[in-house]
Amino acid sequence: VKDKFSPNTVRFYESVIEQIILPSFGELRLVDVRKSHLQAMIDYLAEDETSRADGKSVPLSVPTIKRYTTVFRSVMKEALNQEFITDDPLEHGSPDYPKDNRPKLRDARNIGAYGIAELEHFLIALRKEDPLTRILLLSSVVLGVRRAELVALQWTDVDFEMNCLYVDKSAYKLKGEKQALKSPKTVQGYRDIFFPEIYKNELLSWREEQSRRKAEAGECWQEQGFIFTNPVGDMFSLYSMTALCADFEKKNELRHLKLHGLRHTFDSILNSKGVGIETIKEIMGHKSIKTTEIYTHALLEDKIEAANKMNEVLSVFAGGETNANV
């Protein structure tokens, strides 16, 4: 099934099969697999087990266990597709997962996106950064693209006359191999993203700066057309991108937000400004509008405004006058 998944997903499936499924169930015939075997794997992963082949010595989180479970289910579904079995015993019903005991933070500001005030702090601090950090993090906020899509962008993807760029690829990195490019997983991943004039000016400024760095690098420069590059012209590292964001937040005393949170900030800000959910879905490249709804956070400012609106309604309860027509 390698052609159906991205290289990273294939590597993940292989590791789960080799480290968990085969050692535990490899001697079983497919026709003898039962729901009890899947449940046994879930219970095993939830235990404090020091001898697991995946090298983890603590119980796995519920979301991680569910990812492992997906692999087991996929094995059985593929067995059914290829007619090794006539019925998939895992198809119906749901196994019992351990209770998710992760602490729930009660800070109202602790959402997966920056609010308006936080974003302003972020942008003001960004003005003082070096050109590469400045354009990389600004792009994350302004374009709302995934990290892998951002570092894969090339100058040929940009139309400065229309103020838009075209997303048609993303980067991936397998252990021990060089970072490479792949096509989007879904047709929705291919999309145009329009950007504001201020961002256009920043991007043009960065192009001039990149030309200067290229001249300094001389023969060491490996021209590949990437917008965001390392000192020798290769595409910027996915992992360096994550570290760059974390270091910037810490230095400027910003609330720690994962790099992907800047993408959530983008769609949450658009939603707050009245952009329709269907438009946001298209810009974000989501396959389903349900995904867009999940990651579109209600901003703190909007929640406060909602409370203020309700306060107006309650004013009559507090002894104020009402404007309602009787």
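Read-outs throughout are calculated quantities, based only on the coordinates presented, and are distinct from any laboratory measurement. Quick caveat, the model's predicted, so the values are computed rather than measured. As a convention, Cβ positions derive from the backbone with ideal geometry for all residues, glycine included, and neighbour counts pool all protein chains shown.
Brief remarks on what is shown
- Taking 0.36 nm per residue of separation and subtracting the current Cα-Cα distance, fully stretching the chain between SER36 and ILE116 would add 23.9 nm.
- 19 Å cut-off, amide nitrogen to a point 7 angstrom out along THR64 Cα→Cβ, residues in segment 23-45: 23-24, 39-45
- Sorting the segments 119-127, 276-284 by their residues' average number of neighbouring beta-carbon atoms within 10 angstrom, most packed first, yields 276-284, 119-127.
- Inter-probe distance in nm under a simple model that places probes 7 Å from Cα toward Cβ, at TYR97 and ASN163: 4.3 nm
- In this simple spin-label model, placing a label point 7 Å from the Cα along the Cα-to-Cβ direction at both LYS178 and LYS290 gives a separation of 4.1 nm.
- Cross-link reach is defined here as a Cα-Cα straight distance under 22 Å, omitting same-chain residues fewer than 8 places apart; for LYS4 the lysines meeting it are LYS66, LYS77, LYS169, LYS173, LYS175, LYS178, LYS182, LYS185, LYS287.
- Taking amide hydrogens as placed 1.01 Å from N in the peptide plane, the amide H of CYS164 sits under 5 Å from those of ASP159, PHE195, each at least 5 positions away in sequence or on another chain.
- Each label point was placed 7 Å from the Cα along the Cα-to-Cβ direction; for LEU28 and VAL1 their separation is 1.6 nm.
- Local electrostatic count at LYS214 - Lys and Arg +1, Asp and Glu -1, tallied over other residues with Cβ under 13 Å: -3
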